[in-house]
1. Of Glu233, Glu198, Glu202, which residue is away from ligand 3 (no atom under 16 Å from the Cβ), acidic (Asp, Glu) and either closer than 26 Å to Tyr51 by Cα or in contact with a Ser or Thr (Cβ under 8 Å, 6 or more places away or on another chain) (or both)?
2. Counting only residues that are in contact with a strand residue (DSSP E or B) (Cβ under 9 Å, 6 or more places away or on another chain) and aliphatic (A, V, I, L, M), which one in region 70-91 is farthest from Gly40 (Cα to Cα)?
3. Anything in region 93-111 that is surrounded by 20 or more Cβ atoms within 10 Å (Cβ to Cβ) and either more than 16 Å from the chain's Cα centre (by Cα) or of a type in the set (Ser, Thr, Tyr) (or both)? List them, or say none.
4. So which of Gly88, Gly70 ends up being at pLDDT 90 or above, near ligand 3 (Cβ under 10 Å from one of its atoms) and either assigned to a loop (DSSP other than H, G, I, E, B) or more than 19 Å from the chain's Cα centre (by Cα) (or both)?
5. Among the candidates Asn238, Asn258, which residue alone is under 23 Å from the mean Cα position of the chain (by Cα) and surrounded by fewer than 19 Cβ atoms within 10 Å (Cβ to Cβ)?
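The values are calculated or read from the model by the stated rules, or taken from the named source; none is laboratory data. All values reported here derive from a predicted model rather than from experimental measurement. Please note: Cβ atoms are built from the backbone with ideal geometry, for glycine as well, and neighbour counts cover all protein chains shown.
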Amino acid sequence: MPTHRLSPLLVPLLLMGAHAASEPLTFRDSRGNKIVFPHGRASFADALVSYRPGSPAPGKATQQGKTALGVPDYTGQHADGSDYVCLGHGGSLTVRFDDNALVDVKGPDLYVFEIGPDVEATLVEISEDGRKWISVGRAAGSLSSVDIGPHSKPSQVFRFVRLTDDPKQGDGGGTWPGADIDAVGAIGSAIRLSLSSEVLFEFDRAELKPAAKSVLDRIASSILKNRGMVTVEGHTDNQGTATYNANLSRKRAEAVANYLLTRGVPKERLKVASYGETRPVASNDAEAGRQRNRRVELVIRL
Ligand SMILES: [Ca+2]
Ligand SMILES: [Ca+2]
Ligand SMILES: [Ca+2]
């Protein structure tokens, strides 16, 4: 299962790889047009949020939502559905980007890899927080793109994509009713780094640890090799009051942003956002999940 909990040492490597060493991936759509994913493997969805099969539902074997994560890998040779998920008539799939994010770039921003003999359309919605959704149109099936530009603001950074099999098409019959999804990829993508609060700060504090500075030094030098905006997001777990957590996440995000400023990242390229406990990436019920939720994320547009 893909994870975005990166070791502090890997972070700068990944970030540098994002604009240098990592291989861009190229695919061809049904018309033979070349589609290049500049950020390679990172461009694709990382986590399954939910899968709700439609009615009629597909066979059990093709109800594994996780098969829509990562790079397109459908070969047509696995009858057990181990490389794609079938939505069923009117069914839906929600995925999340963890090491990248969906942003608006010139032209198409998001590609849905739909497979199988029938070309089946999906209705596409995107969300920053997994709660408020914006409809961005219809992916017509096969390998098709969506431009989120007309539906979003340039500053918005989207983390979630929801695909719903278009219930208006066909009668939903057959063994695999509804759209069959192999992968979901963001072309208009930014790199997202998640830094554990344990690495950056002492418990309940907002002053950077010395060890955090060396990690941020390397990130700063990578940022300076690019030109895009950097958003520093503060997040906490749900222990304590919502107001307290909102404040702590703001102070921590500011501490990281201020440090990046001292390393030469221009003020006009930095934006601070604090979300407190409102955007967890894991359950707060157990300590392991709470630890994942205590974090500062950097969204870096290359
Ligand atoms: Ca990804
Ligand atoms: Ca666009
Ligand atoms: Ca797949």
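1. Values: Glu198 fails: either closer than 26 Å to Tyr51 by Cα or in contact with a Ser or Thr (Cβ under 8 Å, 6 or more places away or on another chain) (or both); Glu202 fails: either closer than 26 Å to Tyr51 by Cα or in contact with a Ser or Thr (Cβ under 8 Å, 6 or more places away or on another chain) (or both).
Result of the check over Glu233, Glu198, Glu202: Glu233.
2. From region 70-91, those in contact with a strand residue (DSSP E or B) (Cβ under 9 Å, 6 or more places away or on another chain) are 70-74, 81, 83-91; that's our starting set.
Now drop any that are not aliphatic (A, V, I, L, M), which leaves 71, 85, 87.
Working: Val71: 9, Val85: 22, Leu87: 26 Å.
Applying the filter and picking the extreme gives Leu87.
3. Selection gives Thr94, Tyr111.
4. Values: Gly88 fails: near ligand 3 (Cβ under 10 Å from one of its atoms).
Exactly one of Gly88, Gly70 is at pLDDT 90 or above, near ligand 3 (Cβ under 10 Å from one of its atoms) and either assigned to a loop (DSSP other than H, G, I, E, B) or more than 19 Å from the chain's Cα centre (by Cα) (or both), namely Gly70.
5. Details: Asn258 fails: under 23 Å from the mean Cα position of the chain (by Cα).
Exactly one of Asn238, Asn258 is under 23 Å from the mean Cα position of the chain (by Cα) and surrounded by fewer than 19 Cβ atoms within 10 Å (Cβ to Cβ), namely Asn238.
Each row is one residue, and each column tells you yes or no for (1) part of a loop (DSSP other than H, G, I, E, B); (2) within 13 Å of ligand 1 (Cβ to nearest atom); (3) modelled with pLDDT of 85 or more; (4) among the small types (Gly, Ala, Ser).
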position: Ser7; (1), (2), (3), (4): yes, no, no, yes
position: Val11; (1), (2), (3), (4): no, no, no, no
position: Met16; (1), (2), (3), (4): no, no, no, no
position: Ala21; (1), (2), (3), (4): yes, no, no, yes
position: Thr26; (1), (2), (3), (4): no, no, yes, no
position: Ser30; (1), (2), (3), (4): yes, no, no, yes
position: Val36; (1), (2), (3), (4): no, no, yes, no
position: Tyr51; (1), (2), (3), (4): no, no, yes, no
position: Asp83; (1), (2), (3), (4): yes, no, yes, no
